[in-house]
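> Below is a structure I'd like to ask you about.
The values are calculated or read from the model by the stated rules, or taken from the named source; none is laboratory data. From a predicted model like this one, the values you see are computed outputs, not experimental measurements. Every residue, glycine among them, receives a Cβ derived from its backbone with ideal geometry; neighbour counts consider all protein chains shown.
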């Protein structure tokens with residue numbers, strides 16, 4: 001086994017030299033995903049191809065293991081090192097387990113960035129988050145405010161009272177609330193990400209606040225259950241359910257009108273931005289804290305102290321684009 | 001015996017009324033008849049499962065796999081509906097009940113033929129059934145827009161009350177008669193109350209326990225279909241941890257975990273007690289950090305009152321027996 005591994009590494013190193021010589025003109029960027037065959041990542045690959053077409057001298061290698069394991073990704077990374085790619089943009093199955101393999105890649109001069117699901121800072125040059133706490137907090141309030149021009153009562157239906165992500169988003173949402181005059185946050189309730197409890201909490205909100213105009217649920221279970229509760233109560237049109245959800249799950253609610261619009265990151269934009277960033281870093285863009293790296297039509301990414309950056313506001317989905325996205329993820 | 005049960009049920013009914021009174025002081029609209037019917041409708045799945053659990057607990061067993069059975073049959077129903085949108089909903093319902101029966105029978109066989117303790121068997125099958133959902137669904141959700149309108153309309157269809165409530169009422173009626181008027185119904189009590197005496201009267205203890213698991217599985221299968229069509233979503237984790245609510249409903253309803261004691265009425269009231277708490281907490285505006293503590297305390301108080309009531313009665317019976325001897 002040990003001998004075999006050494007042999008493989010030697011061959012890999014040899015192949016790396018051969019590879020880089022053969023494809024000197026094109027920048028070869030590998031988009032490594034958690035597993036092949038997942039709609040979300042197929043969409044990200046579409047975005048990467050879009051970036052490649054825009055940049056011109058880029059060849060995209062879309063790859064990943066067949067199941068979502070760190071071991072599978074390590075094999076993929078090793079083979080990419082062997083092929084001598086110029087950059088690896090990875091959505092990691094494990095933040096720490098991939099570090100040694102990715103370090104090896106960086107030692108060989110390969111640009112390494114992570115996106116979507118990050119790698120520990122020592123294993124990559126930068127990480128691209130789909131969004132940030134502040135942007136999400138603002139978006140979920142804006143989604144509700146956009147459809148209530150005269151203002152009114154809104155309530156938040158979250159996951160559990162101790163859910164870290166949701167609590168951070170709700171805090172951020174409360175901070176931007178003064179920017180939306182007329183929007184009155186009356187309650188925050190918790191459905192524990194259980195459909196039955198979320199459904200009951202939504203019913204409770206409707207009973208306690210007869211003038212409620214919107215329920216904001218920054219969790220996929222909650223937004224679905226609330227849409228169902230509003231539908232069953234016959235309050236479609238009176239109460240708009242919004243928040244964060246997945247297009248494939250929310251298609252029914254958007255069709256029935258219980259949800260006018262909701263948000264989540266756009267995988268196409270994410271693949272596009274990750275590719276552009278990998279390209280620019282490969283071409284010499286600095287990755288120190290505070291540096292700004294252009295990402296084409298998505299603007300610029302500003303790195304923080306840990307080398308992470310946020311892409312954009314979550315993307316808004318409504319009746320106009322749900323059909324396109326519901327089959328993707 | 002009947003008097004004891006009656007008083008137990010009276011205490012519980014009283015507790016529910018007091019609970020409703022307390023809720024009404026904070027949110028008067030809660031005790032409006034339409035809202036109470038809503039609470040009953042919402043509690044229907046719990047009632048159906050509590051009756052299945054009652055039968056199992058009566059025979060000195062416990063079924064921890066009910067929520068997993070519910071989730072698995074629910075997922076199968078949803079996937080059938082997506083794969084064959086034209087399949088009659090009644091057929092899907094029958095398949096759900098049938099599948100639940102098979103899953104329950106699997107528990108029953110392990111308890112009966114291999115003599116494995118029920119808590120171990122059902123802890124195991126609980127994980128197995130959840131695992132099967134993962135296998136067949138690939139971890140994916142079945143969503144509202146993929147299900148047919150007919151499938152989703154079943155629990156909502158109203159004949160005075162929503163169908164969901166009617167299912168619970170029919171199950172309660174059938175099991176009330178079965179538990180008090182049939183040989184098998186009385187055998188459940190005998191097996192749990194005094195297994196040795198049951199053997200002498202010609203009752204096969206293992207086979208009776210097997211049937212208890214079959215009923216529990218069938219009811220869980222029925223609930224699985226109703227649950228998924230009501231909430232219009234199916235995924236691996238639906239009703240996660242719900243088996244504990246079901247056992248709690250039984251215990252509150254005065255069903256002895258040691259077997260042999262309990263009634264259909266007790267199970268229904270126990271479920272309603274929990275249902276009132278679950279529906280009241282969202283509207284009385286209590287911090288979520290307190291909610292769990294409050295529902296837990298309510299359960300313990302209800303059980304404490306119940307066991308105290310039965311303990312005194314027990315002593316009296318013993319004294320009478322001593323005097324007679």
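> Of the conditions (1) facing chain B (nearest Cβ under 10 Å); (2) in contact (Cβ under 8 Å) with a residue 60 or more places away in the chain; (3) surrounded by fewer than 24 Cβ atoms within 10 Å (Cβ to Cβ); (4) touching a strand residue (DSSP E or B) at 6+ places or on another chain (Cβ under 8 Å), residue A:248 fails just one. Which one is it?
Just one mismatch for residue A:248, condition (4).
> Let me ask you something else. Would a scan of region A:271-283 turn up a residue that is closer than 30 Å to residue B:233 by Cβ and either out of contact with any strand residue (DSSP E or B) (no Cβ under 6 Å at 6 or more places or on another chain) or touching a residue at least 12 places away in the same chain (Cβ under 8 Å) (or both)?
Looking for residues that are closer than 30 Å to residue B:233 by Cβ and either out of contact with any strand residue (DSSP E or B) (no Cβ under 6 Å at 6 or more places or on another chain) or touching a residue at least 12 places away in the same chain (Cβ under 8 Å) (or both), one finds at least one in region A:271-283, hence yes.
Results for (1) more than 23 Å from residue B:242 (Cα to Cα); (2) in a strand (DSSP E or B); (3) more than 9 Å from every other protein chain (Cβ to nearest Cβ); (4) touching a residue at least 24 places away in the same chain (Cβ under 8 Å), shown as yes or no for each residue.
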residue: A:172; (1), (2), (3), (4): yes, no, yes, yes
residue: A:188; (1), (2), (3), (4): yes, yes, no, yes
residue: A:202; (1), (2), (3), (4): no, no, no, yes
residue: A:214; (1), (2), (3), (4): yes, yes, yes, yes
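> Looking only at residues that are away from chain A (no Cβ under 11 Å) and touching a helix residue (DSSP H, G or I) at 6+ places or on another chain (Cβ under 7 Å) in region B:23-42, which one is nearest to residue B:171 (Cα to Cα)?
B:40
> Just checking, which of A:224, A:244 is more than 25 Å from residue B:157 (Cβ to Cβ) and touching a helix residue (DSSP H, G or I) at 6+ places or on another chain (Cβ under 9 Å)?
The unique qualifying residue is A:244.
> Is it true that some residue in region B:193-206 is buried (at least 21 other Cβ atoms within 10 Å of the Cβ), closer than 19 Å to residue B:109 by Cα and modelled with pLDDT under 95?
Taking every residue of region B:193-206 in turn, none turns out to be buried (at least 21 other Cβ atoms within 10 Å of the Cβ), closer than 19 Å to residue B:109 by Cα and modelled with pLDDT under 95.
> Here is a further query. Could you check region B:205-232 and list, in sequence order, the residues that are farther than 22 Å from residue B:127 by Cβ, in contact (Cβ under 8 Å) with a residue 60 or more places away in the chain and within 14 Å of chain A (Cβ to nearest Cβ)?
Answer for region B:205-232, where residues must be farther than 22 Å from residue B:127 by Cβ, in contact (Cβ under 8 Å) with a residue 60 or more places away in the chain and within 14 Å of chain A (Cβ to nearest Cβ): B:226, B:229, B:230, B:232.
> Select from region A:105-122 the residues that are out of contact with any strand residue (DSSP E or B) (no Cβ under 7 Å at 6 or more places or on another chain) and within 16 Å of residue A:282 (Cα to Cα) and write down the one among them that is surrounded by the most Cβ atoms within 10 Å (Cβ to Cβ).
Result: A:108.
> Which of (1) within 12 Å of chain A (Cβ to nearest Cβ); (2) more than 30 Å from residue B:193 (Cα to Cα) does residue B:20 not meet, given it meets every other one?
(1)
> Let me ask something else about it. If you go through region A:123-136 one residue at a time, how many are assigned to a helix (DSSP H, G or I) and surrounded by 22 or more Cβ atoms within 10 Å (Cβ to Cβ)?
Within region A:123-136, residues that are assigned to a helix (DSSP H, G or I) and surrounded by 22 or more Cβ atoms within 10 Å (Cβ to Cβ) number 2.
> Just wondering, is there one or more residues in region B:17-25 that are assigned to a helix (DSSP H, G or I), in contact with a strand residue (DSSP E or B) (Cβ under 6 Å, 6 or more places away or on another chain) and in contact (Cβ under 8 Å) with a residue 12 or more places away in the chain?
The answer is no; no qualifying residue exists.
> Something else now. Please go through region B:243-257 and pick out each residue that is more than 16 Å from residue B:276 (Cα to Cα), within 14 Å of chain A (Cβ to nearest Cβ) and in contact (Cβ under 8 Å) with a residue 12 or more places away in the chain.
Answer for region B:243-257, where residues must be more than 16 Å from residue B:276 (Cα to Cα), within 14 Å of chain A (Cβ to nearest Cβ) and in contact (Cβ under 8 Å) with a residue 12 or more places away in the chain: just B:243.
> Then there's this: Scan region B:107-127 residue by residue and report those that are in contact (Cβ under 8 Å) with a residue 60 or more places away in the chain, over 19 Å from the mean Cα position of the chain (by Cα) and surrounded by 15 or more Cβ atoms within 10 Å (Cβ to Cβ).
B:109, B:111, B:112
> Given the conditions (1) in contact (Cβ under 8 Å) with a residue 60 or more places away in the chain; (2) surrounded by fewer than 15 Cβ atoms within 10 Å (Cβ to Cβ); (3) away from chain A (no Cβ under 14 Å), which single one is not true for residue B:171?
(2)
> Take residue A:141 and decide whether it is modelled with pLDDT of 90 or more and either closer than 24 Å to residue A:300 by Cβ or under 22 Å from the mean Cα position of the chain (by Cα) (or both).
When the stated conditions are applied, residue A:141 passes them.
> Another question about this same structure. May I ask you to say which residue of B:74, B:100, B:115 is away from chain A (no Cβ under 14 Å) and either assigned to a helix (DSSP H, G or I) or in contact with a helix residue (DSSP H, G or I) (Cβ under 6 Å, 6 or more places away or on another chain) (or both)? Don't jump to the end; show me each part of the working.
Details: B:74 fails: away from chain A (no Cβ under 14 Å); B:115 fails: either assigned to a helix (DSSP H, G or I) or in contact with a helix residue (DSSP H, G or I) (Cβ under 6 Å, 6 or more places away or on another chain) (or both).
Only one candidate passes the filter, namely B:100.
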